[in-house]
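Down below is the structure, laid out as structure tokens.
Please treat every number below as a calculation from the coordinates, not as lab data. These numbers come from a predicted model, not from an experiment. With ideal geometry, Cβ positions are generated from the backbone for all residues, glycine too; neighbour counts draw on all protein chains shown.
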Amino acid sequence: MEQLKILTIVTESVLENQIAEDIEKHGAHGYTITDARGKGHRGLRDAGWDYNSNIRVEIVCNLKTCNAISKFLLDTYYNDYAMITFSYDVTVQRSNKF
Amino acid sequence: MDPIILFFVLGVILGVSKSEVRLPSQIYDFISILLLLSIGLKGGIELAKQPFSTMLPQILMVLAIGFILPIIAFPILKYFGKFKRADAASIAAHYGSVSVGTFAVSLAYLNTREIFYEEYMALFVVVLEIPAILIGIILAKGISKETKWGKVTHEVFLGKGVALMVGGLLVGYLAGPTGVQSIAPLFFDLFKGILALFLLEMGLITASQLSSLKKYGFFLLGFGIIMPIVFGSLGVIIGSQLMGLSLGGTVVLGTLTASASYIAVPAAMRISVPEANPTLSLTASLGITFPFNIMIGIPLYLRIANSTQNIFGA
């Protein structure tokens, strides 16, 4: 069975639509987005109002897609936006779905 | 002092003292939706009474103001403030555009003093909100191919502010004063209470911007106070001399030109000019200009409007 990955992206909510598009363009079949709060290099992002809120995007995909998305995000957004990504191995039911 | 302003002060005090008070973000969303629709509805009802031929020159004049303001602000920021091109352009766009919150406070201020104003001015908020964004992007990047104009247009026209106000204007226009009567208790009678809650949250947000003020120093502080006075006076003079607005109307126009955006422009700039530091423009517009306008600016624009009328005649 192919090893699948979860790729997690935490970033500014203003990027939501753009990233959703990017993810699908790079071959992922779906994603889950939740609102997030936290503190990092770019200061406290406490979701008090629209502008200051973060999202957490999770994608279950194969290694190739995971790498492609990560690289694209790194090249496109890392310089100018608050963004972190990380990934880990994951076991799923019905792995053909991803 | 007006209770709604005291709510703002309360928010700032609670925020600065790190209180746990916070409006849940969905509530804040709901409140801003109510405010935008109320303002739109009121404007739409009045708009229906205006002949289009008198409106058109006014709309064009306001549109022109929207293009000119950021062009005035940009060189000041770039050469005197020594900001990077992208930052100067982004701040200029914020100051060329408008703040609906400040607009709402100016209406409440005039209502309390029973000063007449043209209620269709909600339309000007929409008209004035947009050009500065386009100018800001062009100032930052030139007319460049990499700007995703499709995305920017989507953000500008379908963002919460413009979409709901235009929606409210249309509903008010089509339904007319009697039609809107049935929803008046929610949108009109509760207006000041909703505005008070909105200002409480704005106070909390303003307090959260104050810490970055220390970092960016005196230029931004001076700019955030002097620019609205200059733009506000300009708006008052244009309103009374070129557009023939009433005393209250000129105060509202002055408030609009003086105010700086903190909702539509930040989102649009973040997407189209990502290299601009968003903290700079938000510190200025939310941390300095918004509180200045609602506490000192609006009464000041009324005084300027009064003296303009005395000097030039109404």
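Enter the per residue convex hull volume of segment B:170-249, computed from alpha-carbon coordinates, in Å³ rounded to the nearest integer.
Once divided by residue count, the hull of segment B:170-249 is 153 Å³.
Show that you can apply the helix-only estimate: for chain B, add -39,500 (n - 2.57) for every DSSP H stretch of four or more residues, divide by all residues, and state [θ] at 222 nm to the nearest 500.
-23500 deg cm²/dmol
Full-extension gain between B:Ile143 and B:Ser307, please, as 0.36 nm times their residue separation minus the C-alpha to C-alpha distance.
54.9 nm
For segment B:134-285, max minus min Cα coordinate along each principal axis, in Å, sorted largest first?
Result for segment B:134-285: principal-axis Cα extents of 50, 37, 35 Å.
So for A:Ile69, B:Ile76, fewest C-beta neighbours within 10 Å to most, what's the order?
By the 10 Å Cβ count, ascending, the order reads B:Ile76, A:Ile69.
Less than 14 Å Cβ to Cβ from B:Ala196, Lys/Arg counted +1 and Asp/Glu -1: what total charge do the surrounding residues give?
So the environment of B:Ala196 carries a net charge of -2.
What size of dipole, in debye to the nearest 20, comes out for the protein assembly as shown about its Cα centre when the only charges are +1 on Lys and Arg C-beta atoms and -1 on Asp and Glu C-beta atoms?
800 debye
Under 37 °C and 0.692 mPa s, how fast does the protein assembly as shown diffuse according to Stokes-Einstein, given a Kirkwood radius computed over C-alpha pairs? Answer in µm²/s, whole number.
Taking Rh from Cα pairs, D becomes 146 µm²/s.
Would you look at the GNM of chain B, springs on alpha carbons closer than 10 Å, and say which of B:Gly193, B:Gly44, B:Gly15 moves the most?
B:Gly193
Suppose we keep just the alpha-carbon trace of segment B:101-180; what are its Rg and Dmax in angstrom?
16.5, 51
Defining a contact as two alpha carbons under 8 Å apart and six or more residues distant in sequence, what relative contact order in percent does segment A:4-90 show?
49 percent
Could you give the distance between the Cα centres of segment B:260-314 and segment B:32-73, to the whole Å?
17 Å
Dividing the alpha-carbon Rg of chain B by 2.2 N^0.38 Å yields what?
Ratio of Cα Rg to 2.2 N^0.38 Å: 0.94.
Are any of the pairs B:Lys18/B:Lys192; A:Lys71/B:Lys141; A:Lys5/A:Lys39; A:Lys39/B:Lys192 more than 28 Å apart by Cα-Cα distance, and if so, which?
Violating the 28 Å limit, Cα to Cα: A:Lys39/B:Lys192.
Is the shape of segment B:1-88 rounded, prolate or oblate, going by the alpha carbon gyration tensor and its root eigenvalues a ≥ b ≥ c, with a/c under 1.5 for rounded and a/b larger than b/c for prolate?
Because a/c hits 1.5 or more and a/b fails to exceed b/c, segment B:1-88 counts as oblate.
If you line up the long axis of helix A:63-77 against the longest principal axis of chain A, both from Cα atoms, how many degrees apart are they, to the nearest 10?
Value to nearest ten degrees: 20.
State, to one decimal in nm, how far the label point of B:Ile59 lies from the label point of B:Ala184, with both points 7 Å from Cα in the Cβ direction.
2.7 nm
How far apart, in nm, are two points set 7 Å out from the Cα along the Cα-to-Cβ line at A:Thr34 and at B:Leu6?
4.2 nm
For segment B:38-112, what D do you get in µm² per second when you plug the Kirkwood radius from alpha-carbon pairs into Stokes-Einstein at 10 °C and 1.306 mPa s?
The calculation lands on 108 µm²/s.
In cubic angstrom, how much convex hull volume per residue do the alpha carbon atoms of segment A:4-90 span? Please report the intermediate quantities before stating the final value.
Numbers: hull volume 7.4 nm³, N = 87.
Residue-normalised Cα hull volume stands at 85 Å³.
When chain B is modelled as a GNM with alpha-carbon springs shorter than 10 Å, which of B:Phe30, B:Phe191, B:Phe124 fluctuates the most?
B:Phe30
Once fully extended, how much extra length lies between A:Asn96 and A:Lys25, figured as 0.36 nm per residue of separation less the alpha-carbon to alpha-carbon distance?
Computed gain between A:Asn96 and A:Lys25 is 23.7 nm.
Expressed as a fraction of 2.2 N^0.38 Å, the rule-of-thumb size for a compact globular protein of N residues, what is the C-alpha radius of gyration of segment B:222-312?
1.19
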